[in-house]
Amino acid sequence: MNSAAFVVIVILTLAAALAAASLPKLIHAALSFAVAFIGVAAFFFLLGAEFVGLVQVFVYVGAVAVLIVFTILLTRRDVPGTGKPNWGGAIIAIAVFGGLLWAILKTPSLSVAAPQIEALTVKRIGGVLMTDYVWPLQCVGLLLTAALIGALILVMENRDEG
């Protein structure tokens, strides 16, 4: 079952990433990008890293992809499109994929067993975030709040002009 699930997830993720790089309409490319993020999250779930998979879904799909879609919708200009796919982005994506595949295949496999580590739980991650990394966490929150306020100001200024 895991092999079949892996193949299905690979096909879904690669198809969505290729569509995001080549679709002519920006909103369709952004939605394909969100599907590619969901595919990456599915890989994490398949590997047993449920916390990282949920963070992938919440942060990237729930925040970044939705932010990209809202940005496109709020700043949309009526620009006539050519109606042709953007093959330049698809060619670059395929070239990067080929380079990464070549690097993976040329890397010698490791024969050393990984050391046993303590299980990573959500409670342990939360404890580390709230003790050792509390200042970076607060700075990220402040930065995201400032970005949100700036985006709202920009949108309000554009509505006053139009």
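The values are calculated or read from the model by the stated rules, or taken from the named source; none is laboratory data. Computed from a predicted model, the values in this text were never measured in an experiment. All Cβ positions, even for glycine, are placed from backbone atoms using ideal geometry, and neighbour counts span all protein chains on display.
Within segment 133-145, residues that are under 17 Å from residue 67 (Cα atoms) reach no partner that is at pLDDT 85 or above and surrounded by 10 or more Cβ atoms within 10 Å (Cβ to Cβ) with beta carbons closer than 6 Å at six or more positions or on different chains. Restricting 32, 22 to those that are under 16 Å from the mean Cα position of the chain (by Cα) and in the same structural domain as residue 53 (by TED's automatic domain parsing) reduces the list to 32.
Per the conditions (1) in contact (Cβ under 8 Å) with a residue 40 or more places away in the chain; (2) surrounded by 15 or more Cβ atoms within 10 Å (Cβ to Cβ); (3) not hydrophobic (A, V, I, L, M, F, W, C), the sole criterion not satisfied by residue 24 is (2).
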